[in-house]
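What follows is one structure encoded as structure tokens, with my remarks underneath.
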Amino acid sequence: MAPAAADGMIRVEVAYARPDRQVVLPLVVPEGTTVDTALRQSEIELQFPEIDLENVKVGIFGKITRRDTVLRPRDRIEIYRPLIADPKEVRRQRAGKGRKKKPGKGDAESGGESKKDAGPENAEE
């Protein structure tokens, strides 16, 4: 837990996660501190040398944010890792594998009649 904030100071956190390790660093910073300043003050790149603070995407509570955003009390700055694969493409590939359409009611192969084919003109009197 972060130390108690004094007058003119606010508590924030800097978070980063890898599959094997996650950290949340508590910080006490002056009011008016920006995301960029807090990131540098956290020195998180000392624990995770792969972080390129100049180019990494960051957000506050899951929403991408600009580095000049002024922090509010209890904000959590999150450092995002780059995606390895495009999630949309992965879903397309997964959907394309093994899912074959099964014949159902109304298909010519099944011999069934669909509800939309059974209109009044096809009804027996």
Starting from residues that are surrounded by 10 or more Cβ atoms within 10 Å (Cβ to Cβ) and more than 17 Å from Leu53 (Cβ to Cβ), keep the ones in the stretch 5-23 and report whichever is modelled with the lowest pLDDT. Ala5
List pairs: first in the stretch 66-94 and farther than 20 Å from Asp52 by Cα and of a type in the set (Asp, Glu), second open to solvent by 70 Å² or more (accessible area, probe 1.4 Å) and assigned to a loop (DSSP other than H, G, I, E, B), Cβ under 8 Å, 6+ apart or cross-chain? Asp75/Phe61
Need the failing condition index for Ala2 against (1) at pLDDT 90 or above; (2) of a type in the set (Gly, Ala, Ser); (3) touching a strand residue (DSSP E or B) at 6+ places or on another chain (Cβ under 7 Å), just the number. (1)
Here's a check for you: in the stretch 78-88, which residue that is open to solvent by less than 100 Å² (accessible area, probe 1.4 Å) and over 21 Å from Asp20 (Cβ atoms) is nearest to the chain's Cα centre (by Cα)? Pro87
Only listed residue being over 24 Å from Leu83 (Cα atoms) and under 21 Å from the mean Cα position of the chain (by Cα), chosen from Val12, Val56: Val12
If we ask which residues in the stretch 41-77 are exposed (fewer than 11 other Cβ atoms within 10 Å of the Cβ) and either aliphatic (A, V, I, L, M) or in a helix (DSSP H, G or I) (or both), their number turns out to be 2
Tell me which residues, restricted to the stretch 27-40, are buried (at least 16 other Cβ atoms within 10 Å of the Cβ) and in a helix (DSSP H, G or I). Val35, Asp36, Thr37, Ala38, Leu39
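The values are calculated or read from the model by the stated rules, or taken from the named source; none is laboratory data. All figures in this text were calculated on a predicted structure; none of them were measured in a lab. Every residue, glycine as well, gets a Cβ built from its backbone with ideal geometry; the counts of neighbours run over all protein chains shown. Accessible surface is based on the protein model in full, side chains and every heavy atom, while ligands, DNA and RNA are left aside. Shrake-Rupley method; radii C 1.70, N 1.55, O 1.52, S 1.80 Å.
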